[in-house]
Amino acid sequence: MMEKVRRFSGRRELEELIQTCISIENRRFNPFLLDISDALSIIRRHSNQLRTLEDHLLDMRAITSVARVVGLQSANLRFQSSALYVDPSMVKQKLDSLSREQLAEFLLLSWHPIVELEQLTLASTKEAKEFWEKMLSFFERRKRLRLGPFVGPGSADLGELARMRVVEEKAYTRKMQDLWKELTNSAEKDDEVDYWDFIRGSDFAHTIARAQLVSFLVSYGYANLLRKGNSIFLVPKAKPDPHPEGSPLSFPIPITKEALVRAK
Amino acid sequence: MKNEPAYYNEKVKRAAHMLFFKRGRIPGARSWELKTGLGKGYTKVLEHLDEGLKDLDLEVKKVEPQTLSDYKQRPEDGEEESRYFVRLKGTLAPKEARLCGWRIDNLAALAAALAIVVSKQGKSERKELETVIGNKAGRWRALTLMDTFLRSGYLEEDEEGLVKLGWRTRAELDLPSLMMLLAESKAPFAESSEPLDEDQASMEG
């Protein structure tokens, strides 16, 4: 009976020893927390109670676990004597106290990134294929976002999209050419048109849009801008002289609602 | 007689192609690949390439195979498994790093993760790293950053779930310099080192 109890407690001690060694291997404790001579004396004390195959296997596991911890202690000593050694608690303190900018700067000062040219390879193609095959369907992914019931796609014509301001009704160049024609027609009589009269539209937004188009007409050589006293005139060119690099001069014209009222 | 400069020029070009163009998951080339492609004197060719790259602030870096375990020293026959890379000789300015797509948060998180792993002799629990990164970059971002570092090779996870330094760290980082800078550092006076709130942390810059 006594021997059975002794064997049971012996097994428990060995299992605890193995568990401690595993925790040390998993970096939960410092390897020097385990006193190797104590550990060996535990193993030695129970060595004469080994009866079954399980007992012998447990004993073997205990010995190899202790051997691994001795290895870790040796590695620890080698590491402490190397230039890389900094106490882990000190590192944690430093990391807590340093700013993100400082840490980033330290990394940058020690970082020499690899130069590599990406290209399509067999390995990357396989990886992409695997990704595609493992990817959940659109509806599965949508479920995760909790967007509510799915509304199927509808149709809209160009007019509707233009009203929604998704697309422009006319291309920009076409708009500019139309405005240039309008300017040419307006200036038929006097060869010039008052700037403010010409840009005025049905509302303020329309006026701004026309002013912007006019600025492109002038920049790209479709018209000239003339200043006479306080007045500004637009003179259309009979033959446009578009130069893609734009006008060498810049002439800002502030457009406010007050300026438009004043010009009336 | 072989025309030596022309011979080396051709070999150097081939070596540059092998090192610059990524052919597999990991960039660079292994010693045996270079030996096959350039011949027995490949180290001499790489020296020539290194010399040529100096003006561009680049260098050829040899990375030894990883130590097999905590206890065993590296075997002597590791030369066949060494890997060569072309990397920046100098360092990047913060602005340049941002242009390469690196945010300050990410750089800080990587520095913190590497410092912890190094201080723990090359292995650390993932949870501990996520906590440390979380203090710098926010809790949710810590999870994605850990995945990013693992995917890009700065960190590796072993079969026991412990995180260790990856091949990219061994190739790109001067760890003694990083640990020295960290050990010598002083915290700024009015520094906000408190964790980011989630909104700020999830912002892409």
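For the structure I just gave you, tell me whether A:Ile232 is assigned to a helix (DSSP H, G or I) and β-branched (Val, Ile, Thr).
Here the answer is no, as A:Ile232 does not meet what is asked.
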| task | Take the residues in the stretch B:155-187 that are facing another protein chain (nearest Cβ under 7 Å) and touching a Lys or Arg at 6+ places or on another chain (Cβ under 7 Å), then tell me which one is surrounded by the most Cβ atoms within 10 Å (Cβ to Cβ). | result | B:Leu182
| request: Could you list, in sequence order, all residues of the stretch B:133-157 that are under 23 Å from A:Glu25 (Cα atoms) and without any contact (Cβ under 8 Å) to a residue 24 or more places away in the chain? | output: B:Leu150, B:Glu156
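For the stretch A:118-142, give me each residue that is within 7 Å of another protein chain (Cβ to nearest Cβ), over 21 Å from the mean Cα position of the chain (by Cα) and surrounded by fewer than 10 Cβ atoms within 10 Å (Cβ to Cβ).
Result: A:Gln119, single match.
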| query | For the stretch B:97-107, does any single residue satisfy the condition of being out of contact with any Lys or Arg (no Cβ under 9 Å at 6 or more places or on another chain), in the same structural domain as B:Trp167 (by TED's automatic domain parsing), surrounded by 21 or more Cβ atoms within 10 Å (Cβ to Cβ) and more than 25 Å from A:Leu117 (Cβ to Cβ)? | reply | no
| query | Just one of the numbered conditions (1) in contact with a Pro (Cβ under 8 Å, 6 or more places away or on another chain); (2) free of Cβ contacts under 8 Å to residues at least 24 places away in the same chain; (3) of a type outside the set (Val, Ile, Thr) is not true of B:Glu160; which one? | reply | (1)
| request: Report, by residue number, each residue of the stretch B:134-145 that is more than 7 Å from every other protein chain (Cβ to nearest Cβ) and buried (at least 21 other Cβ atoms within 10 Å of the Cβ). | output: B:Gly134, B:Ala137, B:Gly138, B:Arg141, B:Ala142, B:Leu145
| query | Mind checking whether some residue in the stretch A:110-119 is within 30 Å of B:Leu56 (Cα to Cα) and in a helix (DSSP H, G or I)? | reply | no
| query | Regarding B:Gly24, is this residue part of a helix (DSSP H, G or I), in the same structural domain as B:Glu81 (by TED's automatic domain parsing), of a type outside the set (D, E, K, R) and under 19 Å from A:Glu116 (Cα atoms)? | reply | no
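The values are calculated or read from the model by the stated rules, or taken from the named source; none is laboratory data. Everything quoted here is computed from the prediction, not taken from an experiment. Virtual Cβ from ideal backbone geometry, glycine too; neighbours counted across all protein chains shown.
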